[in-house]
Amino acid sequence: MVSFVATPIGNLGDITFRAVETLKNADEIYCEDTRHTVKLLNAYQIKKPLYSCHKFNERQAAEKIAAAAREGKNVAVVSDAGLPVVSDPGNVVCEVLKERGVPYTVIPGANAALCALILSGLPAERFLFIGFLPEKAGEKRALIERYKDTDATLLFHVAPQDIDGDIRALYETLGERRAAAVREITKIHEESVPFLLSQGLPGEKRGEYVLVVEGAAKAENPLCALSEREHILHYMRLGYDKKEALKKAAKDRGVSKSALYSFSVDL
């Protein structure tokens, strides 16, 4: 069996009992950086064979993982922090395992983007995880443009050297928005700094960031500028009967039909 195991994103205590047991029971562990993962394993007195699985060798590593699983071995796949696959190596491994018919599972745990969303205080009813933006300016703006009109909160991973440029591109493409830069999640110096895109992020840029950006404001329906009576009449003049006109006007205004009923009695 192959298990994709979530590891701590900062505080070493943020690992589940199940994740520790999975790593202890693994015959092989594939990781993004063996030097990083060995520190986690040492903290929990785990000694297992470690193999690299990063963006430069993921296809080859995936074939080895599939072969090991077919031999009956328990294989754990981890990244440096958080969940593998999500903005980390692992997606190619999933594809290969699916192609080869090799079963796999996920051992859940810490996730930086969701923690940052909560720490930001921005709306969390709907959100989109975008991950890292492209390096080239044109590709970066083209990707941002795709999400310009969504009213969902947007989540980005950003390296410290890129954050000023990414914020500038976001402002130039999205316009003014509330945002929060969250870093050092689960660590002693954890912080969430609110700011407006037009202002940029103040201070020295250190550590990996999750950038949380407010979604687009809902476009106001121009019919809502009419009085309630005129709004209903607008649809009646288009040929709708009074009941349907009332229903459509209520939907436009985001209210119940009963809230508008008194305006339609004498129409």
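The values are calculated or read from the model by the stated rules, or taken from the named source; none is laboratory data. Note that this is a predicted model, so its numbers are computed, not measured. When we count neighbours, we look across all protein chains shown, and the Cβ atoms used for this are built from the backbone with ideal geometry, even at glycine. Note: accessible area is taken over every heavy atom of the protein model, side chains too, but ligands, DNA and RNA are not part of it. Shrake-Rupley method; radii C 1.70, N 1.55, O 1.52, S 1.80 Å.
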Open item on the list: Within the stretch 206-237, take every residue that is in contact with a Phe, Trp or Tyr (Cβ under 9 Å, 6 or more places away or on another chain) and part of a loop (DSSP other than H, G, I, E, B) and give me the one that is surrounded by the fewest Cβ atoms within 10 Å (Cβ to Cβ).
Closed with: S227
TODO: Those residues that are open to solvent by 30 Å² or more (accessible area, probe 1.4 Å), small (G, A, S) and more than 13 Å from A181 (Cβ to Cβ), I need them from the stretch 114-148; list them, please.
DONE: A124, A137, G138, A142
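Can you work out which of the residues in the stretch 249-267 that are of a type outside the set (G, A, S) and either open to solvent by less than 70 Å² (accessible area, probe 1.4 Å) or not in a helix (DSSP H, G or I) (or both) is farthest from D149 (Cα to Cα)?
First pass over the stretch 249-267, keeping only residues of a type outside the set (G, A, S): 251-253, 255, 257, 260-261, 263, 265-267.
Within this subset, residues satisfying the condition of being either open to solvent by less than 70 Å² (accessible area, probe 1.4 Å) or not in a helix (DSSP H, G or I) (or both) are 252-253, 255, 260, 263, 265-267.
Numbers: D252: 18, R253: 20, V255: 23, L260: 29, F263: 33, V265: 38, D266: 39, L267: 37 Å.
Across the stretch 249-267, the extreme among qualifying residues is D266.
Matching residues to (1) open to solvent by less than 30 Å² (accessible area, probe 1.4 Å); (2) farther than 20 Å from I185 by Cβ; (3) not aromatic (F, W, Y); (4) not in a loop (DSSP other than H, G, I, E, B):
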residue: S3; (1), (2), (3), (4): yes, yes, yes, yes
residue: R35; (1), (2), (3), (4): no, yes, yes, yes
residue: K39; (1), (2), (3), (4): no, no, yes, yes
residue: P89; (1), (2), (3), (4): yes, yes, yes, no
TODO: Pairs only if they're at least six apart or on different chains, beta carbon under 7 angstrom, first in the stretch 76-87 and on the phi > 0 side of the Ramachandran plot, second open to solvent by 10 Å² or more (accessible area, probe 1.4 Å) and part of a strand (DSSP E or B); list them, first residue then second.
DONE: S87/H157
Task: the stretch 209-226 residues that are among the polar types (S, T, N, Q), paired with ones that are open to solvent by 20 Å² or more (accessible area, probe 1.4 Å) and not in a loop (DSSP other than H, G, I, E, B) (beta carbon under 7 Å, 6 or more apart) - done: N221/D252
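Answer yes if at least one residue in the stretch 149-163 is part of a helix (DSSP H, G or I), of a type outside the set (K, R) and buried (at least 17 other Cβ atoms within 10 Å of the Cβ), and no otherwise.
Taking the stretch 149-163 first, the residues part of a helix (DSSP H, G or I) are 160-163.
From the residues that got through so far, the ones that are of a type outside the set (K, R) too are 160-163.
After this cut, where a residue has to be buried (at least 17 other Cβ atoms within 10 Å of the Cβ) as well, the list is 162-163.
Scanning the stretch 149-163, I find at least one residue that is part of a helix (DSSP H, G or I), of a type outside the set (K, R) and buried (at least 17 other Cβ atoms within 10 Å of the Cβ), so the answer is yes.
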- [ ] State which residue pairs qualify: first residue under 20 Å from A113 (Cα atoms) and inside the stretch 128-145, second residue open to solvent by 30 Å² or more (accessible area, probe 1.4 Å) and among the polar types (S, T, N, Q) in any location, beta carbons under 9 Å apart, and separation of 6 or more residues or different chains.
- [x] L128/T150; F129/S87; G131/S87; F132/S87
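Can you say whether R59 is free of Cβ contacts under 8 Å to residues at least 60 places away in the same chain, in a helix (DSSP H, G or I) and either out of contact with any helix residue (DSSP H, G or I) (no Cβ under 8 Å at 6 or more places or on another chain) or open to solvent by 30 Å² or more (accessible area, probe 1.4 Å) (or both), as far as the supplied structure shows? Outline the logic, then answer.
Numbers: free of Cβ contacts under 8 Å to residues at least 60 places away in the same chain: yes; in a helix (DSSP H, G or I): yes; either out of contact with any helix residue (DSSP H, G or I) (no Cβ under 8 Å at 6 or more places or on another chain) or open to solvent by 30 Å² or more (accessible area, probe 1.4 Å) (or both): yes.
Yes, satisfied.
Quick check: is even one residue across the stretch 167-188 polar (S, T, N, Q), part of a loop (DSSP other than H, G, I, E, B) and in contact with a strand residue (DSSP E or B) (Cβ under 8 Å, 6 or more places away or on another chain)?
So the first thing to find is which residues in the stretch 167-188 are polar (S, T, N, Q), and the list is 173, 186.
Add one more test, that the residue is part of a loop (DSSP other than H, G, I, E, B), and what stays is 186.
Those left that are additionally in contact with a strand residue (DSSP E or B) (Cβ under 8 Å, 6 or more places away or on another chain): none.
No, there is no match, as no residue in the stretch 167-188 is polar (S, T, N, Q), part of a loop (DSSP other than H, G, I, E, B) and in contact with a strand residue (DSSP E or B) (Cβ under 8 Å, 6 or more places away or on another chain).
If we keep just the residues of the stretch 238-248 that are of a type outside the set (A, V, I, L, M, F, W, C) and either closer than 27 Å to Y147 by Cβ or outside any helix (DSSP H, G or I) (or both), which is nearest to the chain's Cα centre (by Cα)?
So in the stretch 238-248, the residues of a type outside the set (A, V, I, L, M, F, W, C) come out as 239-244, 247-248.
Among the residues that remain, those that are also either closer than 27 Å to Y147 by Cβ or outside any helix (DSSP H, G or I) (or both) are: 239-241.
Numbers: G239: 45, Y240: 43, D241: 45 Å.
Applying the filter and picking the extreme gives Y240.
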Task: Pairs with Cβ under 7 Å, 6+ apart, first in the stretch 93-105 and touching a residue at least 40 places away in the same chain (Cβ under 8 Å), second assigned to a helix (DSSP H, G or I) and open to solvent by 80 Å² or more (accessible area, probe 1.4 Å) - done: V102/R70
- [ ] Scan the stretch 113-124 and give yes if some residue there is in a helix (DSSP H, G or I), among the β-branched types (V, I, T), over 10 Å from the mean Cα position of the chain (by Cα) and under 27 Å from I15 (Cβ atoms), otherwise no.
- [x] yes
Task: Subset of the stretch 164-180 (residues that are within 14 Å of P194 (Cα to Cα) and either among the charged types (D, E, K, R) or surrounded by fewer than 18 Cβ atoms within 10 Å (Cβ to Cβ) (or both)) - done: E176, R177, R178
